[in-house]
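Shown next, in structure tokens, is the structure this report addresses.
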Amino acid sequence: MLDTYPSLTANWSYPTAIRFGPGRIKELAEAVKATGMKKPLFVTDPGLVALPIVANALAVLKEAGIEHAVFSKVDGNPTLKNLEDGLAAYRSGGHDGVIAFGGGSGMDVGKLVAFMSRQTRSVFDFEDREDWWTRADGDGIAPIVAVPTTAGTGSEVGRGAVVTDPADHTKKIIFHPKMLPQVVIADPELTVGLPANITAWTGMDALSHSLESWCSPFFHPLGEGIALEAMRLVKEWLPPAVEDGRNINARAFMLAASSMGAVAFQKGLGAMHAMSHPCSALRGTHHGLTNAVVMPYVLRRNLSAAEERLAALARYLDLPGQSAESVIDWVLALRRRIGIPDTLKDIGVDLDAIAEAAPMAEHDPSNGGNPVPLTAEDYKGLYRKAIAGDL
Ligand SMILES: NC(=O)c1ccc[n+]([C@@H]2O[C@H](COP(=O)([O-])OP(=O)(O)OC[C@H]3O[C@@H](n4cnc5c(N)ncnc54)[C@H](O)[C@@H]3O)[C@@H](O)[C@H]2O)c1
Ligand SMILES: [Fe+2]
């Protein structure tokens with residue numbers, strides 16, 4: 001067994017300062033002080049705000065005498081309105097930094113509030129296209145402490161955040177290097193109460209980050225090394241994390257795999273994310289679940305360009321057959337085992353969504369990282385297959 005260590009507690013220094021280990025939420029006040037913040041805004045979502053993990057984290061701040069306020073008007077698939085409300089709370093409360101606490105939704109809104117706190121342009125002027133990020137005033141970005149409570153997006157170690165633009169109903173990735181949180185507390189105990197279905201969905205998001213990054217055509221050996229090992233961790237530990245949420249080893253390795261996926265996808269994403277973003281924007285589907293549903297269809301579509309890479313992955317994962325096909329078989333078996341449905345139709349995406357979704361997928365920045373160039377026409381075909389279950 002490779003995954004045997006004397007302790008699952010460690011401090012890591014890349015891509016940022018990460019305090020990893022069970023129980024380390026106790027260090028939240030220290031982490032806040034390390035960034036120089038005096039009055040953080042604690043950003044989370046309405047589901048989490050009612051849970052003891054939030055009460056415990058706030059108690060740590062209180063005990064250390066750190067003045068703070070809580071903002072939790074955050075939707076799954078966060079909107080511009082969530083960001084505007086968060087900014088209003090930040091400004092009226094006189095805050096000087098953000099604790100971004102949650103799954104991808106809470107963390108992304110928290111990161112965006114810190115990023116936008118002193119910008120003068122619209123958030124969508126900083127979309128992750130070309131060098132648009134250079135339009136931002138880098139000195140106007142407030143410090144961020146990130147605390148993930150799901151193991152999937154890896155947003156705690158990412159330099160981007162996703163928000164839906166009401167003007168065209170698209171999910172847009174906003175990017176700035178300084179949106180990377182200064183300190184991360186990665187405490188697997190916080191993920192113990194995550195229900196089995198969300199554990200499965202978010203875990204598949206982590207897998208899709210590494211898988212798409214591994215298959216994307218760009219030169220980034222650092223990202224590739226991290227992606228491979230993250231996928232091995234998902235293979236070992238996602239099923240036990242779904243089957244017994246209290247398995248702290250499984251929770252810890254999935255939390256690590258999630259951060260690794262986000263580091264890896266600096267290399268590029270691909271058609272899974274390009275297809276998934278329009279579904280979430282148009283039909284409100286969960287991000288990781290949608291990636292998981294489209295995953296095998298995209299892998300098959302990409303076979304001509306990614307066959308060798310997928311075969312190498314199969315060898316690393318020690319899959320029977322050790323071929324590209326073995327990876328598809330593994331994904332299908334994993335999905336079945338953790339309760340992911342087979343088709344987009346099963347999660348509420350019907351044929352009538354395709355006309356709008358396909359051009360959105362083509363224009364999604366993730367499309368540029370797919371190993372096979374895909375047009376809106378290609379995406380129409382892929383959506384049809386994923387809706388009908390025609391693999
Ligand atoms: N910034 C990035 O790099 C990046 C990458 C991928 C996805 N995303 C974005 O992240 C969002 C999805 O994030 P997510 O998949 O983590 O889901 P989420 O943040 O929307 O959370 C899903 C649900 O789980 C609940 N929850 C979270 N932690 C819990 C816990 N420990 N115990 C019990 N319930 C808990 C939440 O209250 C919520 O109801 C999407 O908007 C997606 O676009 C961002
Ligand atoms: Fe994702």
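Residues considered: Met37, Met107, Met231. Largest GNM mean-square fluctuation over the chain, using C-alpha springs under 10 Å, is found at Met37. Taking 7 Å steps out from each Cα toward its Cβ at Thr120 and Asp346 produces label points 5.2 nm apart. Helical content of the chain, expressed as a calculated mean residue ellipticity at 222 nm, amounts to -15500 deg cm²/dmol (DSSP H runs of 4 or more residues, -39,500 (n - 2.57) each, divided by residue number, nearest 500). Largest accessible area first, the residues Met1, Met260, Met179 order themselves as Met1, Met260, Met179 under a 1.4 Å probe with ligands, DNA and RNA left out.
In plain terms, the chain from Arg336 to Thr375 could stretch by 11.0 nm, reckoned as 0.36 nm per residue minus the Cα-Cα distance.
Mind listing which GluC sites (Glu not before Pro) in region 60-166 are in a DSSP loop and have 14 or fewer other Cβ atoms within 10 Å?
On the way: sites: Glu63, Glu67, Glu84, Glu127, Glu130, Glu156; in loops: Glu67, Glu130.
Sparse-neighbourhood loop GluC sites (Glu not before Pro): Glu67, Glu130.
Extension gain, Asp139-Asp75: 0.36 nm per intervening residue step, less the Cα-Cα distance, totals 20.2 nm.
Label-to-label distance for Trp132 and Glu308 is 3.5 nm, based on points extended 7 Å past Cα in the beta-carbon direction.
In square angstrom, rounded to the nearest 10, how much accessible surface does Asp329 have for a 1.4 Å probe? Counting only protein heavy atoms, Asp329 exposes about 90 Å² to solvent. Per residue, the chain exposes an accessible area of 39 Å² to a 1.4 Å probe, with every protein chain left in place. Taking all protein chains together, Trp12, Trp201 sort by accessible area into Trp12, Trp201, largest first [probe 1.4 Å]. For His169 and Ala88, a Förster radius of 30 Å and the Cβ-Cβ distance give a FRET efficiency of 0.80, rounded to the nearest 0.05.
Evaluating 6.51 cos²θ - 1.76 cosθ + 1.60 at θ = phi - 60° for every residue in region 154-168, the Karplus couplings come out as x, 4, 4, 10, x, 9, x, 8, 10, 8, 8, 8, x, 5, 10 Hz, glycine and proline recorded as x.
Charged side chains reduced to their Cβ positions (Lys and Arg at +1, Asp and Glu at -1) give the chain a dipole of some 620 debye around its Cα centre. Taking a span of 15 Å or more along the helix axis (Cα atoms) and a mean Kyte-Doolittle hydropathy of at least 1.6 as the rule, no DSSP H helix of the chain qualifies. When the accessible area of region 293-379 is computed with all protein chains present and a 1.4 Å probe, what percentage of it is carbon and sulfur? Whole-percent figure for carbon plus sulfur exposure: 49.
As a fraction of the 1.4 Å probe accessible area of region 1-56, surface on carbon and sulfur atoms comes out at 61 percent.
Beta-bridge orientation, the chain: approximately 35 percent antiparallel, per DSSP, counting only bridges with both partners inside.
The values are calculated or read from the model by the stated rules, or taken from the named source; none is laboratory data. The structure displayed is predicted, hence computed values, not measured ones. Positions of Cβ are backbone-derived with ideal geometry, glycine not excepted, and every protein chain shown enters the neighbour counts. Side chains are part of the model used for accessible areas, which takes the heavy atoms of the whole protein and leaves out ligands, DNA and RNA. Shrake-Rupley method; radii C 1.70, N 1.55, O 1.52, S 1.80 Å.
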